[in-house]
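Accompanying notes for the structure given below.
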Amino acid sequence: MAIICNVYPPDGGRTKREVEDNPNADLGNSPMAWPATQKFRWTLENTVSGLDRATMEGAITRALDKWAEATKDTFKFTFAKSDAGTEPPPNMVISVVGPEGSDSDFAEGRDGSKVAAAARLGPAGATNTLDAETNTFQAPVKLNDSPTRPKWNPFMFHNCFLHEVGHSLGLGHTLTEGAVMGRSYQEGSKFFLEDVDLADDDKKRMTDYFTKKNKSSS
Ligand SMILES: [Zn+2]
């Protein structure tokens, strides 16, 4: 069994359907990029089966620390926990689908693989204003705890979340073996057994993507 994720651009560009039908459509990065000093405020709405809130929030914090460390010399993303009801409101809402009900993002995979999570590629929102302080763009991450859920464990949750944030920041998938941004995680692999670190490939692709984006917008 493998776990996979569902990622597609928020507006325009490729559709979810095109990504499913074109074997390479998920390898591109977002056409839009966050401001280089974007502040992300995250909140965890609910927990998945088998994991408690403290475990999940600890894993989220460790994963975000890894992206913050990987981007600190080039751009200055910050990530902070934000409670519902605070101002400004969270812009990285981590939600859970289930335990009952279903979601089209979490249909059974064609080959028996389980869709663990879904994210939008890059900034998702309806306004044209991208401002690091006040923007209303969102980086939503959705976790599958519906009847099609994978069997969650603390390590694969950390690794899946690390992967989804890569999408939220704008990265597509990679074919590089062992990278966090690979398309699937095989059961029994390191992704189920330990908290992994970002691979050199993940870090390099993030740096290349933002360096290019910042050049083209200035
Ligand atoms: Zn993915």
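The values are calculated or read from the model by the stated rules, or taken from the named source; none is laboratory data. Remember, it's a predicted structure, so these values are computed and weren't measured experimentally. Here Cβ is always computed from backbone atoms with ideal geometry, including for glycine, and neighbour counts include all displayed protein chains.
Could you grab me the full set of residues in the stretch 136-168 that are more than 20 Å from LEU193 (Cα to Cα), among the hydrophobic types (A, V, I, L, M, F, W, C) and touching an Asp or Glu at 6+ places or on another chain (Cβ under 6 Å)? Residue satisfying the conditions is VAL141 alone. With respect to being away from the ligand (no atom under 15 Å from the Cβ), modelled with pLDDT under 95 and surrounded by 21 or more Cβ atoms within 10 Å (Cβ to Cβ), PRO123 fits the description. Criterion applied to PHE161, PHE155 was being farther than 22 Å from THR71 by Cα and modelled with pLDDT of 90 or more, and the one residue passing it is PHE155.
State whether one or more residues within the stretch 210-218 are touching a strand residue (DSSP E or B) at 6+ places or on another chain (Cβ under 7 Å), touching a residue at least 60 places away in the same chain (Cβ under 8 Å) and outside any loop (DSSP other than H, G, I, E, B). Scanning the stretch 210-218 turns up no residue that is touching a strand residue (DSSP E or B) at 6+ places or on another chain (Cβ under 7 Å), touching a residue at least 60 places away in the same chain (Cβ under 8 Å) and outside any loop (DSSP other than H, G, I, E, B).
Would you check if there is a residue in the stretch 88-100 being among the β-branched types (Val, Ile, Thr) and within 16 Å of the ligand (Cβ to nearest atom)? Within the stretch 88-100, one or more residues are among the β-branched types (Val, Ile, Thr) and within 16 Å of the ligand (Cβ to nearest atom). Within the stretch 159-174, can one find any residue that is away from the ligand (no atom under 16 Å from the Cβ), surrounded by fewer than 23 Cβ atoms within 10 Å (Cβ to Cβ) and touching a residue at least 40 places away in the same chain (Cβ under 8 Å)? Among the residues of the stretch 159-174, not one is away from the ligand (no atom under 16 Å from the Cβ), surrounded by fewer than 23 Cβ atoms within 10 Å (Cβ to Cβ) and touching a residue at least 40 places away in the same chain (Cβ under 8 Å), which makes the answer no.
Among the residues of the stretch 156-178, those that are small (Gly, Ala, Ser) and over 18 Å from THR43 (Cβ atoms) comprise GLY166, GLY170, GLY172, GLY178. For the stretch 175-197, filtering for residues that are within 14 Å of the ligand (Cβ to nearest atom) and hydrophobic (A, V, I, L, M, F, W, C) leaves 5. Quick one: which residue in GLY85, GLY122 is on the phi > 0 side of the Ramachandran plot, assigned to a loop (DSSP other than H, G, I, E, B) and free of Cβ contacts under 8 Å to residues at least 12 places away in the same chain? Going through GLY85, GLY122 in turn, just one is on the phi > 0 side of the Ramachandran plot, assigned to a loop (DSSP other than H, G, I, E, B) and free of Cβ contacts under 8 Å to residues at least 12 places away in the same chain: GLY85. If you scan the stretch 25-46, which residues turn out to be more than 22 Å from THR207 (Cβ to Cβ) and surrounded by fewer than 18 Cβ atoms within 10 Å (Cβ to Cβ)? If the condition is that a residue be more than 22 Å from THR207 (Cβ to Cβ) and surrounded by fewer than 18 Cβ atoms within 10 Å (Cβ to Cβ), then GLU45, ASN46 are the ones that fit.
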